[in-house]
Amino acid sequence: MPGRSTAPGRRIALDIMSGDESPRSRIRAALRALQIYPDLHLSLVGNQTLITDHLCSDSLDQAPFDQSRLTVIHAEKTIGMDEKPSSALRAKDGSSMWVALAQVADGSAAACVSAGNTGALMAMGRFALKTFVGIDRPAIAGAVPCAGGSVLLLDMGANVDCSANSLYQFAVMGSLFAASVRGIAAPRVGLLNIGIEDIKGNERVKLANQLLKDDRRLNYIGYIEGDDVFAGRADVVVCDGFVGNIALKTGEGVACLIRDRLVAAFQQTLWRRFLSLLIAPVMHKINKSIDPVVYNGACFLGLQGIVVKSHGHSDEEGFFRAIAEAVREVDSDVPGRLADEVELMLKG
């Protein structure tokens, strides 16, 4: 396979070894991405022998492409999904996750995509790439399906215990991201809480609420509740990672429950099976609109480099979606567009 990488451009480093699924699904996603994006260059980081063997077999199913757009970078180790972030950071050297992040840090790649251990990826990302000036903690931000499209939710699980100031910083980054990258004018920012009344919530949420009210540059709409997230009442929803991850997984679980119940209901009688054939196109459209795989690929906002986190259980389709998100962020120059604006806004 080709060797050294060139200038970053649309070059993305993929951590092939990390995640719950087989590396083969991530390799196939990479080959698919090369077909979809003609000017994309990928660096596949991991066990060179394993990656090369899969490439030799899987590339037979793909249309020919310029081999110079694909690089294999060897990494000896893989960070375990259950490994503590502190332990992973100490053992980072030689791991596929660290080598992929190092590609971004030294300018060889414009972005990194990994389906690995979230805590380890965050710890290594902060160590290798640093944060924007004024940002205490990066946040995982991702799209969640809602009425009329999707909403940006942050934090999704990186910071389970946040200060009021961190929540305020998440709101600033989320608002700027939604405006500059997603093209939403004056994004509506909501703070996730157990009620919309001012007396509701813990002290950190109440303090964050006041900070957000005081910043007139934000289009802050106040507290929102869990059902408001999926109703599309806000464009950006802010919460700590503990609450955000539960909200995300609950939403995914409900979507899967509804899908499974509908499938079971239409299989109960011959007449219902016939009806299911008639409405199959509609059901397919609905299922796609709420399928978590379609929204896979969350970004680490606040880092001085692009890092996209794919779900650990992502299959080929899911990892491809994460690569596509990285491409969008590279094209939008997320760190470059956000860094100065975040610093000015937080200082102001």
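The values are calculated or read from the model by the stated rules, or taken from the named source; none is laboratory data. Computed from a predicted model, the values in this text were never measured in an experiment. Virtual Cβ from ideal backbone geometry, glycine too; neighbours counted across all protein chains shown.
The figures follow:
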| quantity | calculated |
| --- | --- |
| Check on VAL342, hydrophobic (A, V, I, L, M, F, W, C), under 30 Å from VAL205 (Cβ atoms) and in the same structural domain as GLY119 (by TED's automatic domain parsing) | no |
| Looking only at segment 181-197, and only at residues there that are more than 16 Å from CYS239 (Cα to Cα) and either charged (D, E, K, R) or without any contact (Cβ under 8 Å) to a residue 24 or more places away in the chain (or both), the one that is surrounded by the most Cβ atoms within 10 Å (Cβ to Cβ) | ARG182 |
| Cross-chain or 6+ apart pairs with Cβ under 8 Å, segment 303-319 first and in a loop (DSSP other than H, G, I, E, B), then of a type in the set (Asp, Glu) | GLY312/ASP20; GLY312/GLU21; HIS313/ASP20; HIS313/GLU21; SER314/GLU21; ASP315/GLU21 |
| Qualifying residue in segment 333-348 (condition: basic (Lys, Arg), assigned to a helix (DSSP H, G or I) and touching a residue at least 12 places away in the same chain (Cβ under 8 Å)) | yes |
| Hits in segment 151-165 (condition: in contact with an Asp or Glu (Cβ under 9 Å, 6 or more places away or on another chain) and either part of a loop (DSSP other than H, G, I, E, B) or in contact (Cβ under 8 Å) with a residue 60 or more places away in the chain (or both)) | VAL151, LEU152, ASP155, ASN159, VAL160, ASP161, CYS162, SER163 |
| Number of the exception - SER289 against (1) under 25 Å from ALA123 (Cβ atoms); (2) small (Gly, Ala, Ser); (3) modelled with pLDDT under 85 | (1) |
| Number of the exception - HIS311 against (1) under 26 Å from GLY107 (Cβ atoms); (2) in the same structural domain as PHE127 (by TED's automatic domain parsing); (3) not β-branched (Val, Ile, Thr) | (1) |
| Enumeration of residues in segment 217-261 that are of a type in the set (Lys, Arg) and either within 25 Å of the chain's Cα centre (by Cα) or modelled with pLDDT of 90 or more (or both) | ARG217, ARG233, LYS249, ARG259 |
| Members of segment 212-229 found to be crowded, with 19+ Cβ neighbours inside 10 Å and either under 11 Å from ALA164 (Cα atoms) or touching a strand residue (DSSP E or B) at 6+ places or on another chain (Cβ under 6 Å) (or both), listed by number | LEU212, LEU218, TYR220, TYR223, ILE224, VAL229 |
